[in-house]
Amino acid sequence: MKSWKEKSARMSEELNVLAGKNILIGVTGGIACYKILELCSRLKKKNANLKIIETAAAKEFIKPAAFETMGKCKVYSDLFEGTNDQVHHIELARWADIFLIAPASANTIAKMANGIADNFLTSTYLAYDKDLILAPAMNTVMLHNKATIKNLQTLADYGAMIIQPETGMLACNTIGDGRMEEPENIVMYLEEFFASKDSNLDLAGKKIIVSAGPTIEPIDYVRYITNRSSGKMGYNIANEARRRGAEVILVSGPVNPMDTPGITKIEVKTNEDMQNAIDEHFASSDVLIMAAAPVDYKVANPSDKKIKKNGSNLDLNLVENVDIVKYFADKKDEQTIVGFAAETDDLIDNAKAKLESKGLDYIIANNLKDEGAGFDVDTNLVSIISKDQVKNLDLMKKTELANVILDLIR
Ligand SMILES: Cc1cc2nc3c(=O)[nH]c(=O)nc-3n(C[C@H](O)[C@H](O)[C@H](O)COP(=O)(O)O)c2cc1C
């Protein structure tokens, strides 16, 4: 699968980057014209604004009325129609946020590569200086003709984005290259394009798992051991990642919850629960940020009843828990793994050792004894440690730090 498809497929439904975008579609004379009806319908469902230009050859395949109905828009074709009120091809070039030519015929590609402006579509192209996407569609021999190869290369050199045609059954009853990409995938390509242009959504297409809060390990039916952790750092990272367009899975131990709009939240109790919840999403994720404070030990034989006091001491046999961040670092494929180190002594040395022994990409180290760092406060004072760098940051709000951490994995 092409990488933009994989990425965009994940760009969840609810992230509608196409709403309100002005999409100008240039339709040229190829049999793939019929696919543009479906494309229009899909784009309208996403609330995009459409305008369509058809070449004379395109009109031989699909009449303007069909596009006008599916695209709920005007179709332009005649360069000299209605020029008394405005020059339409210049207006359309100004109006468009993106100009998509689909299907792009060999003929129109050749004209564009050579600056010929002899119809509405090619004149608009010459008057247009923003982002351009071409979805070529043609017979395999036409596509591999040296002139077409050169023309497509020229347009790519001029900055056009080209949605490469697929291999498949062609209208001329042969199997080969030249089939226009399916409408559904062209929509994804446009989504990916707009999301990447929008700097506020720079994490769109990424799936990020964030763990937050402590875990708890039962001693008996009512008692447990845990770690001190408010979960604030993890919740801030999760919310900021979501705001920046990522798909976020938040695996949270028992803490006072903050609102997490648009986030898939999984509530867990024990270390094993947390490990299992992360495991469910790890293979399909891009990043794991372990901001949680899982308990290092669990009681070997917790009682399922309340242990009664009997006037003598209670000895607990504590066994070491799985080191969750190490478990996933050992198992990782392409994922980036960010761990946290909360220390009270020898912060940097301990954190560096942790980074290396666990095989992490980054470790966010804070000294719990520093003022403004650690539990229950809205600020943190940390150093970010990677293989070749130690970066000491100033005291900052946890929301601000969340964004500094997310900048690492952009
Ligand atoms: C049935 C039929 C199918 C065609 N399909 C294609 C096609 O898929 N791609 C293409 O580049 N040209 C195709 N052509 C040729 C174009 O229609 C022709 O080159 C025309 O001049 C293109 O004009 P335009 O670029 O202004 O739309 C086809 C022609 C016919 C008759």
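Less than 5 angstrom separates the built amide H of Tyr224 from those of Ile219, all sequence-distant by 5 or more or on a different chain. Straight-line cross-link reach from Lys309 at under 30 Å between alpha-carbon atoms covers these lysines, not counting any fewer than eight positions away in the same chain: Lys269, Lys298. Take the residue pairs Lys130/Lys197; Lys206/Lys352; Lys74/Lys111; Lys326/Lys391; Lys35/Lys59; Lys326/Lys398 and return only those whose Cα atoms are more than 20 Å apart. The answer is Lys206/Lys352; Lys74/Lys111; Lys326/Lys391; Lys326/Lys398. The angle between the Cα long axis of helix 33-45 and the main principal axis of the chain comes to about 40°, on a 0 to 90 degree scale. Rg/Rh for segment 8-108 (Cα atoms only, Rh after Kirkwood) is 0.98.
Dividing the C-alpha radius of gyration of segment 192-255 by 2.2 N^0.38 Å, with N its residue count, gives 1.52.
In this structure, the amide hydrogen of Glu181, modeled 1.01 Å from its nitrogen in the peptide plane, lies closer than 5 angstrom to those of Glu166, counting only residues at least 5 positions away or on a different chain.
A full extension of the chain between Leu408 and Tyr34 corresponds to an added length of 130.2 nm, given 0.36 nm per residue minus the alpha carbon distance.
For the listed peptides 153-159, 218-224, a ranking on the average number of other beta carbons within 10 Å per residue, highest first, reads 218-224, 153-159. Antiparallel beta bridges, as assigned by DSSP with both residues in segment 3-197, represent about 20 percent of the total such bridges. Loop-located trypsin sites (Lys or Arg not before Pro) across segment 340-377 with a Cβ neighbour count of 16 or fewer within 10 Å are Lys369, with loop assigned by DSSP. If both residues of a DSSP beta bridge must be in the chain, then about 30% of such bridges are antiparallel.
Excluding same-chain neighbours fewer than eight residues apart, the aspartates and glutamates reachable from Lys331 by a Cα-Cα span under 14 Å are Asp279, Glu280, Asp286, Asp323, Asp361. The angle separating the long axis of helix 183-197 from the principal Cα axis of greatest extent in the chain is about 60 degrees.
For Glu182 and Tyr297, the difference between the fully extended length at 0.36 nm per residue and the C-alpha to C-alpha distance is 36.1 nm.
Measuring r between the beta carbons of Ser357 and Lys306 and using R0 = 35 Å, the FRET efficiency lands at 0.35. If you fit an axis through the alpha-carbon atoms of helix 146-157 and take the longest principal axis of the Cα set of the chain, what angle between them do you get, 0 to 90°, nearest 10? Between helix and principal axis, roughly 50 degrees.
In segment 91-232, what percentage of the DSSP-assigned beta bridges are antiparallel, given to the nearest 5? Given both bridge residues lie in segment 91-232, the antiparallel proportion sits at roughly 55 percent.
Between Ile175, Ile263, Ile249, the GNM of the chain built on Cα springs shorter than 10 angstrom shows Ile175 fluctuating the most.
Farthest toward the positive end of the dipole of segment 304-397, out of Thr344, Ser386, Leu314, is the Cα of Leu314, where the dipole comes from beta carbon charges about the Cα centre. Under 1.5 on a/c is rounded, so check that first for segment 111-198, then, if it is not, pick prolate when a/b is larger than b/c and oblate when it is not; a ≥ b ≥ c are the square roots of the alpha carbon gyration tensor eigenvalues. Since a/c reaches 1.5 but b/c is at least a/b, the shape of segment 111-198 is classed as oblate. For the pair Ala56 and Asn392, label points projected 7 Å from Cα toward Cβ lie 7.5 nm apart.
Sorted largest first, the spans of the alpha carbon positions of segment 3-197 along the three principal axes are 47, 41, 31 Å.
Taking the helices alone, the chain has a mean residue ellipticity at 222 nm of -10500 deg cm²/dmol, built from -39,500 (n - 2.57) per DSSP H run of at least 4 residues and averaged over all its residues. Take every pair of alpha-carbon atoms less than 8 Å apart whose residues are at least six positions apart; their mean separation over the length of the chain yields a relative contact order of 12 percent. Here Thr83 sits with roughly 70 square angstrom of accessible surface, probe radius 1.4 Å. Only aspartates and glutamates eight or more places from Lys46 in sequence, or on another chain, were considered; those with a Cα closer than 13 Å are Glu13, Glu14, Glu38, Glu184, Glu191. Distance between the 7 Å Cα→Cβ label points at Asn173 and Thr69: 3.0 nm. Altogether, the Stokes-Einstein calculation at 25 °C and 0.890 mPa s, with the Kirkwood radius of the chain over Cα pairs as Rh, returns a diffusion coefficient of 99 µm²/s. Label sites at Ile348 and Asp279, each approximated as a point 7 angstrom past Cα along Cα to Cβ, lie 3.8 nm apart.
Take the Cα radius of gyration of segment 227-363 and divide it by 2.2 N^0.38 Å, N being the number of residues; the result is 1.19. Per-residue Karplus couplings for segment 174-179, computed as 6.51 cos²θ - 1.76 cosθ + 1.60 with θ equal to phi - 60°, are listed in order as 10, 9, x, 6, x, 6 Hz, Gly and Pro entered as x. Between the amide H of Gly231 and those of Gly213, distances stay under 5 Å, these residues lying 5 or more places away or on another chain, with hydrogens modeled in the peptide plane.
Length gained on full extension, Val377 to Asn200: 61.0 nm, using 0.36 nm per residue less the C-alpha separation.
The values are calculated or read from the model by the stated rules, or taken from the named source; none is laboratory data. None of these values were measured; they are calculated from a predicted model. Positions of Cβ are generated from backbone atoms using ideal geometry, with glycine treated the same way; all protein chains shown enter the neighbour counts. Note: areas computed on protein heavy atoms with side chains; ligands, DNA, RNA excluded. Shrake-Rupley method; radii C 1.70, N 1.55, O 1.52, S 1.80 Å.
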